[in-house]
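Notes to accompany the following structure.
The values are calculated or read from the model by the stated rules, or taken from the named source; none is laboratory data. Every value quoted in this text rests on a predicted model; they were computed, and no experiment measured them. All Cβ positions, even for glycine, are placed from backbone atoms using ideal geometry, and neighbour counts span all protein chains on display.
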Amino acid sequence: MLHSKKILIGLLLASAHSFALAAPESNNKSCAALADYKFPESLHLAVRTAKANEADAFCLVNGIVNARTGSDGKHYGIEFEMRLPLSWNGRFIYQMNGGNDGVVVPAEGDVFDGRSARAQGYAVLSTNAGHDGNAAENQQYDLAAGNRFGLDPQARNDYGFATTATMTPIAHMLLKTFYGKEAAYSYLSGCSNGGRHGMVAASRYGDMFDGILVGAPGFNLPKAAVQHAWDVQSTQQVDPKLHNAFSRADMQFMVNKITEACDGLDGAKDGLVNNIRQCQKTFDLNSLRCSGEKNASCLSEVQTKSFARLMSGPHNSKGKQLYNHWWYDTGIADEGWRFWKFESPIPPWNNNPLIATMGAGSLAYVFTTPATEVEGSPDKLLQFLSAFDFDRDAPKIFATNKLFKKSAMEIMTPPDVDNPYLKSFHKHNGKLIIYQGQSDPVFSTVDIVDWYEKLNNNHRGKAQDFARLFVVPGMNHCNGGPATDQFDALGALVTWVEKGQAPDLMVAKVNPENKSLPANWSKTRSRPLCPWPSIATYKSGDIESAASFACVME
């Protein structure tokens, strides 16, 4: 409810050539006029104006909502910014951010071909999801500083779902105040944790958005965090030092064998595996095992067992699956994959991977109840994952207590995650596009495919009427990897919402600057991304062109 919000707003007018880009006729308000506007007395506003950014004309709104002291004695509040273009296209987009949130990422929205959503005329909102990941009061906790908000129940709620419900009506109030009219269409977009926000919003707040764009969603985030411990313990079966367990040559050898077994299953030997399910039946990790001494043309017995364990996903001692399993794909030798799983190039982390830094802190402080107060040094965070017990500790993602009345799974996941219908979103005529890298090292592609197939079954095979999933061969987390990872998913969503034209495919291109691209790929390579469960199949013509492929049911 708006009367409970306290907002401090800074307004920055960015203008070109002395207001050469004026507001539309229906909008005679400038930032100064917005500063003078009489908001409800319950909204406490302090406004400042300045000039900046001569290339683009927009009004920048900075603020904080619900500033408070948490149960842990620390300071909290939903910090946000909105960028209001003077030449507005009538659309609003809520930009959801990744990782642990905790930072107000500039409200620019999705970027395609170098142009952000804001540059295209969208009004864009960005928030820190209710906590300051860089708060000075937490810096003594080193690498766990950004996870300490998990000690406060409301901060967990804000991070999980509540910020969306709080900020969306405030954003619409600011739009109506500045432009004098409502947004014609409302969108939400995000990748990783931002994609999780999108999945949660589609389930919890189905009538708030006309279109939701979800990338690489951590919609089962606490379960995926349990995978971090599983990864570490699996890898340490080979070597206690994660970076020594699988060399780059080992991983490339594995990918070469995956390519050899699976590349032609879609009709083209092009370094991409489109028929990923058939590949899992065709590729045999055990065939890579050395018959004698370890050498460059094989993996040791302990390596094959370790990697098979890692890819099977976490289990408890009774064999119960605690997350999902993973697909073997051509992007698992990429540096982005290695950065998450095996090692980073960051000396202050002791070169530990991201799962053993941010991932470990999140599992300890945010995703288990009660929280485990782990020291923030690289060694202590790694030790936490190494000692994680899948019988004793994994159930804590479902646990509650007197202080935390909702479990991490309740807070972080869509309420209908195991039996998805998205009833209110469907009734609202909302449209959902999900994209997922087939070689994502953080969130199992199998998990989102399983979720989508449940949704499709619940809608009797007609989920594609309002929700479509696009799996990107070779792509790592959100982008990167040996993949055609450049595509205008936001444009496809807008066309679907506003013109009723569903995306039967999206044309994806390579990023010519992507260092993961094989040398024999054209810098202009393109491919069709097909709505699941169809796959891109080669027909005839130039193997570097999307026009030579068609989307065919698996």
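For region 74-89, name all the residues that are out of contact with any Asp or Glu (no Cβ under 9 Å at 6 or more places or on another chain) and among the small types (Gly, Ala, Ser).
Across region 74-89, the qualifying residue is only Ser87.
Return the pairs, sorted by first residue and then second, in which the second residue is part of a loop (DSSP other than H, G, I, E, B) and hydrophobic (A, V, I, L, M, F, W, C), the first residue lies in region 97-114 and is under 27 Å from Met506 (Cα atoms), the beta carbons are less than 6 Å apart, and the residues are 6+ apart or on different chains.
Sorted first by the residue in region 97-114, then by its partner, the pairs are Asn97/Val105; Gly109/Ala117; Asp110/Ala117.
Examine region 215-231 for a residue that is under 22 Å from Leu529 (Cα atoms) and in a helix (DSSP H, G or I), and state whether such a residue exists.
Within region 215-231, not a single residue is under 22 Å from Leu529 (Cα atoms) and in a helix (DSSP H, G or I).
Before we move on, is Gly102 assigned by TED's automatic domain parsing to the domain that holds Ser71 and assigned to a loop (DSSP other than H, G, I, E, B)?
Values: assigned by TED's automatic domain parsing to the domain that holds Ser71: yes; assigned to a loop (DSSP other than H, G, I, E, B): yes.
Judged against the criteria, Gly102 is a match.
Yes or no: Val471 closer than 23 Å to Phe339 by Cβ and under 22 Å from the mean Cα position of the chain (by Cα)?
yes
If you scan region 246-280, which residues turn out to be hydrophobic (A, V, I, L, M, F, W, C), farther than 19 Å from Trp326 by Cβ and part of a helix (DSSP H, G or I)?
Correct list: Ala249 only.
Determine if region 149-163 includes at least one residue that is under 30 Å from Gly491 (Cβ atoms), in the same structural domain as Leu84 (by TED's automatic domain parsing) and in a strand (DSSP E or B).
No, that holds for no residue.
Given Lys431, Lys462, which one is in contact with a helix residue (DSSP H, G or I) (Cβ under 9 Å, 6 or more places away or on another chain), of a type in the set (Lys, Arg) and within 19 Å of Ser189 (Cα to Cα)?
The match here is Lys431.
If you take the residues of region 516-532 that are assigned to a loop (DSSP other than H, G, I, E, B) and in contact (Cβ under 8 Å) with a residue 40 or more places away in the chain, which of them is surrounded by the most Cβ atoms within 10 Å (Cβ to Cβ)?
Here the answer is Cys530.
Being touching a helix residue (DSSP H, G or I) at 6+ places or on another chain (Cβ under 9 Å) and surrounded by 15 or more Cβ atoms within 10 Å (Cβ to Cβ) is the filter here; which residues of region 534-551 pass it?
Ile535, Ala536, Thr537, Tyr538, Phe549 - these are the residues of region 534-551 that are touching a helix residue (DSSP H, G or I) at 6+ places or on another chain (Cβ under 9 Å) and surrounded by 15 or more Cβ atoms within 10 Å (Cβ to Cβ).
Inspect region 86-98 for any residue being surrounded by fewer than 24 Cβ atoms within 10 Å (Cβ to Cβ) and under 30 Å from Val442 (Cα atoms) and give the result as yes or no.
Yes, some residue in region 86-98 is surrounded by fewer than 24 Cβ atoms within 10 Å (Cβ to Cβ) and under 30 Å from Val442 (Cα atoms).
Only residues that are charged (D, E, K, R) and either under 19 Å from Asp391 (Cα atoms) or without any contact (Cβ under 8 Å) to a residue 40 or more places away in the chain (or both): list them for region 197-244, please. Reasoning before the result, please.
First pass over region 197-244, keeping only residues charged (D, E, K, R): 204, 207, 210, 223, 231, 239, 241.
Lys223, Asp231, Asp239, Lys241 - these are the residues of region 197-244 that are charged (D, E, K, R) and either under 19 Å from Asp391 (Cα atoms) or without any contact (Cβ under 8 Å) to a residue 40 or more places away in the chain (or both).
Do we have any residue at all in region 415-438 that's touching a residue at least 60 places away in the same chain (Cβ under 8 Å), surrounded by 19 or more Cβ atoms within 10 Å (Cβ to Cβ), of a type in the set (D, E, K, R) and over 16 Å from His325 (Cα atoms)?
Yes, there is a match, as at least one residue in region 415-438 is touching a residue at least 60 places away in the same chain (Cβ under 8 Å), surrounded by 19 or more Cβ atoms within 10 Å (Cβ to Cβ), of a type in the set (D, E, K, R) and over 16 Å from His325 (Cα atoms).
Got a number for residues in region 281-310 being of a type outside the set (Gly, Ala, Ser), in a helix (DSSP H, G or I) and surrounded by fewer than 17 Cβ atoms within 10 Å (Cβ to Cβ)?
Of the residues in that region, 5 qualify.
Regarding Ser386, is this residue of a type in the set (Gly, Ala, Ser), surrounded by fewer than 23 Cβ atoms within 10 Å (Cβ to Cβ) and under 19 Å from Asn193 (Cα atoms)?
no
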